[in-house]
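Below is one structure; the comments refer to it alone.
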Amino acid sequence: MFVCPKKKKKKENPISILPAFPSVALCLAFNRFIFFTVAHRYAAQLQVCCPQSPVSYSIARTTHAHMIASGFKPRGHILNRLIDVYCKSSNFSYAHQLFDQIPKPDIVARTTLITAYSAIGNLTLARKIFNETPLSMRDTVCYNAMITGYSRNNDGHASIRLFFEMRQGGFRPDDFTYTTVLSGAAQIVDVEKQCQQLHCAVVKSGTGFATSVWNALLSVYVRCASSPLVSSSSSLMGEARNLFNEMPERDELSWTTMITGYIRNEDLHAARELLDGMDGRMEVVWNAMISGYAHHNSFQEALLLFRKMRLLGIRQDEFTYTSVISTCANNGLFQLGKQVHACILRTEAKPTVDFSLSVNNTLLTLYYKCGKLDEARYIFNNMPVKDLVSWNAILSGYASAGRIQEAKSFFKEMPERSILTWTVMISGLAQNGFGEEAMKLFNQMRLEGFEPCDYAFSGAITSCAALGALEHGRQLHAQLISLGFDSSLSAANALITMYARCGVFEDANSVFLTMPYIDSVSWNAMIAALAQHGHGVQAIDLFEKMLKADILPDRITFLIILSACSHAGLVKEGRHYFSSMCVSYGISPDEGHYARMIDLLCRCGEFTEAKGLIESMPFEPGAPIWEALLAGCRTHGNMDLGIQAAERLFELVPQHDGTYILLSNLYAAIGRWDDVAKVRQLMRDRGVKKEPGCSWIDVENMVHVFLVGDTVHPEVQAVYKYLEQLGLEMRKLGYLPDTKFVLHDTESEHKEYSLSTHSEKLAVAFGLMRLPLGATIRVFKNLRICGDCHTAIKFMSRVAGRDIIVRDAKRFHHFRNGECSCGNYWVEREANISNICSCHYQAPELIFGAKNIQHPLISGQLVVSLLSFFWARFLTLQLDKKFDAWIPNHTDFRFLDIKARPWHKVCHLKKTMLPLCTAVSWTFLPIEPFCCFEMKPKQLCLVIRILDELALFGKFHFGAELLEFDTSTS
């Protein structure tokens with residue numbers, strides 16, 4: 001017997017080292033038998049790994065590791081199987097390493113890698129392997145893999161080129177080839193002729209059409225019909241319908257493609273007609289129809305179809321429920337959505353993971369959009385599986401509801417973040433007044449490697465609008481252009497708002513005019529920009545252009561247009577648009593619309609109409625209504641109605657500081673100082689603190705903030721010194737601080753100092769100091785600008801020769817050469833002639849012209865007579881009989897104890913009065929008649945504006961209508 005010699009023991013490989021046999025042939029046969037046995041066992045183990053799952057991938061890796069440890073060298077089908085498993089588990093590096101180890105890879109290995117690389121969009125590597133495949137080795141399956149890669153990655157041109165290359169190489173296309181090529185062609189075909197050419201090519205091939213080929217050809221016609229380049233989509237849909245009717249067999253995809261085609265071409269009637277004619281009960285087709293109704297905002301039809309689907313016993317899946325719930329969410333139909341939720345809980349006892357995830361995510365959207373955020377969080381907490389969509393839904397809910405602190409905490413808890421996550425958080429911070437935090441988060445996002453999309457840029461630009469950071473906003477605009485986002489609709493809309501709110505109206509208008517596409521948000525943003533900058537008439541003109549462009553206004557549009565009317569005092573226009581909301585557009589006014597209308601009426605002194613409007617409201621008036629009424633009462637001194645409005649506000653919002661301040665100012669205007677003290681004591685008793693006024697200005701790309709009586713800013717002492725010097729020049733022109741804007745119990749010597757430390761004055765002075773000559777000063781304030789600061793900044797603009805723009809809590813004020821764009825209409829001030837004269841201190845020079853006068857006493861006498869008449873007529877007070885302001889050497893101008901501004905200087909300026917000023921005085925004053933001549937429209941409008949302002953305080957109106965002057969050329 002043959003005995004193997006003994007050797008030193010070592011670890012032996014039972015597969016690679018065979019026991020010695022007396023016959024070499026027997027040894028080789030046994031070795032071959034062992035190899036194939038082991039190979040068969042490995043192949044069987046890999047065969048189990050067909051499903052794509054972590055368990056399958058783990059088995060495959062374990063099997064491969066055992067092969068390596070045992071020294072087994074896999075061949076052919078085992079290597080191909082390993083490559084396939086690694087590709088399907090996205091481990092492409094292992095797959096490619098195995099592929100490189102094969103001396104001569106076969107067509108299966110090559111096709112597997114081509115398919116895998118195409119699936120992840122790496123067409124370069126896929127084409128490289130395809131090109132390295134010898135022509136003799138290629139087959140139809142290999143070509144199909146490469147053509148499919150091009151089609152799935154939206155490269156229809158390359159798929160068609162390769163298809164013709166395949167035919168020229170003598171390879172016969174099969175049904176899958178035609179299906180794939182037609183799918184790629186559907187992405188690029190945009191004219192009817194191309195559809196017909198592809199149709200002919202398929203017919204000429206002589207291949208018996210499979211249903212998949214018919215469906216792909218049908219998709220070509222349908223997609224081409226929805227192309228904007230097609231002149232007649234209806235004819236193409238007719239061709240598609242003929243093709244559909246000729247199909248020997250139709251499946252779910254056939255019906256869905258046809259119905260989707262009609263929906264894309266906005267022919268819902270034809271789509272529904274096709275659905276009603278369908279014999280089978282294919283839920284996919286019904287889902288497509290419901291989704292189409294939802295997309296076109298036909299929510300009633302969508303819900304009725306869902307109900308019919310249930311009555312017919314057609315199975316509902318996750319796609320059905322998500323479409324119906326989305327319809328409810330987008331239309332605010334919370335109760336219906338809640339019923340659908342209850343239906344799901346009742347009928348879906350054991351939902352799959354995919355079903356639960358998609359439906360629960362849609363439910364989260366329903367609940368947070370309908371204001372039920374706590375219920376949405378409850379659903380989120382009880383979800384068995386959550387994905388990034390779930391987390392983003394709750395974050396969006398917190399951000400849109402203004403619950404920023406909760407949004408911040410939730411954002412920090414998120415296990416992963418996408419670009420959408422960052423965008424939602426940035427936009428939420430920006431829209432809720434946290435502009436600085438939004439900018440920091442935007443920069444942090446970029447540091448963490450996320451490239452911002454156009455929506456992220458929109459959020460950052462919105463934060464610049466809130467901060468008034470113009471230069472930062474311009475930098476973001478430049479980045480948008482460099483990254484190719486300049487055509488983005490959301491970014492352009494944000495830019496319009498940013499430039500408008502930063503006081504650069506011209507740039508906002510430029511963005512609007514250069515937009516390639518304009519939607520309702522764009523129109524609203526531009527109309528709002530005009531309104532904020534005091535261009536009420538232009539805002540109305542743009543609104544009319546919007547209507548002519550067939551853009552229907554929405555609720556926000558009417559909020560903006562009513563604000564424009566309020567800013568400009570356009571009562572007649574405001575009444576028209578308020579009534580047309582419901583009559584012409586079917587939009588019921590909400591509390592915001594009523595508040596703006598009441599604000600407009602009250603600012604123009606129409607209290608009876610405003611009170612009647614409040615009484616006619618279909619719902620209980622809330623705080624915004626009473627606040628608008630109280631503000632109007634404060635302006636016009638309507639004590640009784642103002643107290644009534646304040647009492648309602650104390651009930652509704654007892655902690656709102658604005659109510660106490662407005663009521664206190666109302667009492668102070670008529671000298672009821674005891675009541676002022678009571679209101680201030682009430683504030684202290686209730687723990688209500690007045691929001692501190694602050695103003696800020698962007699200088700050298702840095703925002704500088706100033707508080708009232710600021711002592712913190714590093715350059716504040718220099719600012720005070722500069723203000724003191726500037727004040728001397730302002731007083732030479734007639735400026736005197738109006739101490740009525742200081743509380744009565746302040747010591748008199750401190751009143752003027754208190755006014756000089758207001759934050760807007762400090763910010764303007766800082767801008768004059770630090771910005772280069774000629775640069776526009778842009779200041780932003782969190783509260784309304786006070787009357788004295790408004791007057792002072794007018795003087796500042798004249799002394800410094802600079803344009804100054806101030807954005808307060810309500811609107812923009814453009815100061816230039818001593819005048820303001822608001823026409824003093826929007827400024828809180830005392831109801832006396834002193835204030836009105838101060839607001840229009842340049843009026844004598846503008847009205848009286850610049851010619852040398854022959855009789856200077858006449859000018860002074862007319863001015864004094866005019867003002868004397870107003871004082872006696874409107875304030876019902878007796879004039880001082882010793883009043884002699886018309887004397888040329890008189891240096892002070894007094895009505896009792898109230899100082900008027902430097903109208904007396906007209907007697908010293910060596911300027912003449914245009915003749916029509918004589919006529920104006922003659923019309924209103926019972927004094928000697930003068931000669932009547934013409935006045936220029938611009939000067940006439942200024943006279944009428946002063947008369948109208950005085951008339952408002954006298955509780956009746958006169959001006960252009962009474963004088964019968966034509967101001968249309970002004």
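Tabulated results
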read-out: Matching entry among T111, T133, T115 (being modelled with pLDDT of 85 or more, among the β-branched types (V, I, T) and out of contact with any strand residue (DSSP E or B) (no Cβ under 6 Å at 6 or more places or on another chain)); value: T133
read-out: Single match in L336, L373, L366, L357 (criterion: farther than 13 Å from V424 by Cβ and touching a His at 6+ places or on another chain (Cβ under 9 Å)); value: L366
read-out: Given (1) at pLDDT below 90; (2) outside any helix (DSSP H, G or I), number of the condition G658 does not satisfy; value: (2)
read-out: Test: L395 is touching a helix residue (DSSP H, G or I) at 6+ places or on another chain (Cβ under 9 Å) and more than 20 Å from S323 (Cβ to Cβ); value: yes
read-out: Those residues of the stretch 412-432 which are surrounded by fewer than 22 Cβ atoms within 10 Å (Cβ to Cβ) and over 14 Å from the mean Cα position of the chain (by Cα), in sequence order; value: K412, E413, M414, P415, E416, R417, S418, I419, L420, T421
read-out: Residue match in the stretch 255-273 (condition: acidic (D, E), in contact with a Ser or Thr (Cβ under 8 Å, 6 or more places away or on another chain) and assigned to a helix (DSSP H, G or I)); value: no
read-out: Given (1) part of a helix (DSSP H, G or I); (2) modelled with pLDDT under 90; (3) buried (at least 20 other Cβ atoms within 10 Å of the Cβ); (4) of a type outside the set (A, V, I, L, M, F, W, C), number of the condition T608 does not satisfy; value: (3)
read-out: Tally of residues being under 24 Å from C820 (Cβ atoms), buried (at least 19 other Cβ atoms within 10 Å of the Cβ) and not hydrophobic (A, V, I, L, M, F, W, C) across the stretch 488-524; value: 5
read-out: Within the stretch 433-482, considering residues that are among the hydroxyl-bearing types (S, T, Y) and within 16 Å of the chain's Cα centre (by Cα), the one farthest from N493 (Cα to Cα); value: S463
read-out: Residue check, A718 at pLDDT 90 or above and either under 35 Å from the mean Cα position of the chain (by Cα) or within 27 Å of A669 (Cβ to Cβ) (or both); value: no
read-out: Selected residue [in the same structural domain as L357 (by TED's automatic domain parsing) and under 19 Å from R223 (Cα atoms)] from A288, A271; value: A288
read-out: Selection status of S400, touching a Leu at 6+ places or on another chain (Cβ under 8 Å) and surrounded by fewer than 21 Cβ atoms within 10 Å (Cβ to Cβ); value: no
read-out: Wholly within the stretch 740-821, helices (runs of 4 or more DSSP H) carrying at least 2 residues that are at pLDDT below 80 and within 24 Å of H713 (Cβ to Cβ); value: 748-756
read-out: Pick from the stretch 245-254, criterion touching a helix residue (DSSP H, G or I) at 6+ places or on another chain (Cβ under 9 Å) and in a helix (DSSP H, G or I), ranking: surrounded by the fewest Cβ atoms within 10 Å (Cβ to Cβ); value: E246
read-out: Pick from the stretch 530-589, criterion hydrophobic (A, V, I, L, M, F, W, C) and part of a loop (DSSP other than H, G, I, E, B), ranking: surrounded by the most Cβ atoms within 10 Å (Cβ to Cβ); value: L570
read-out: Only listed residue being modelled with pLDDT of 90 or more, under 23 Å from L420 (Cβ atoms), in contact with an Asp or Glu (Cβ under 7 Å, 6 or more places away or on another chain) and not in a loop (DSSP other than H, G, I, E, B), chosen from A491, A460; value: A491
read-out: Qualifying residue in the stretch 346-356 (condition: in the same structural domain as N287 (by TED's automatic domain parsing), among the hydrophobic types (A, V, I, L, M, F, W, C), in contact (Cβ under 8 Å) with a residue 12 or more places away in the chain and closer than 24 Å to Y293 by Cα); value: yes
read-out: Meets criteria (in the same structural domain as L771 (by TED's automatic domain parsing), loosely packed, with under 13 Cβ neighbours inside 10 Å and hydrophobic (A, V, I, L, M, F, W, C)) for M730; value: no
read-out: Residues that are within 23 Å of I496 (Cα to Cα), part of a loop (DSSP other than H, G, I, E, B) and aromatic (F, W, Y), drawn from the stretch 415-457; value: F434
read-out: Tabulated pairs, the stretch 416-445, first touching a residue at least 24 places away in the same chain (Cβ under 8 Å), second of a type in the set (D, E), C-beta under 6 angstrom, 6+ apart or interchain; value: L429/E437
read-out: Neighbours by Cβ (under 6 Å, 6+ apart or cross-chain): first from the stretch 95-124, free of Cβ contacts under 8 Å to residues at least 24 places away in the same chain; second of a type in the set (S, T, Y) and surrounded by 14 or more Cβ atoms within 10 Å (Cβ to Cβ); value: A95/Y86
read-out: Qualifying residue in the stretch 466-481 (condition: basic (K, R), under 20 Å from L420 (Cβ atoms) and either touching a strand residue (DSSP E or B) at 6+ places or on another chain (Cβ under 7 Å) or not assigned by TED's automatic domain parsing to the domain that holds I805 (or both)); value: no
read-out: Conditions (1) basic (K, R); (2) in a helix (DSSP H, G or I); (3) farther than 17 Å from A95 by Cα; number of the one not met by R172; value: (2)
read-out: Test: residue in the stretch 220-239 that is part of a helix (DSSP H, G or I), modelled with pLDDT of 80 or more and under 26 Å from Q168 (Cβ atoms); value: yes
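The values are calculated or read from the model by the stated rules, or taken from the named source; none is laboratory data. Everything quoted here is computed from the prediction, not taken from an experiment. Glycine gets a Cβ as well: all are built from the backbone with ideal geometry, and neighbour counts include every protein chain shown.
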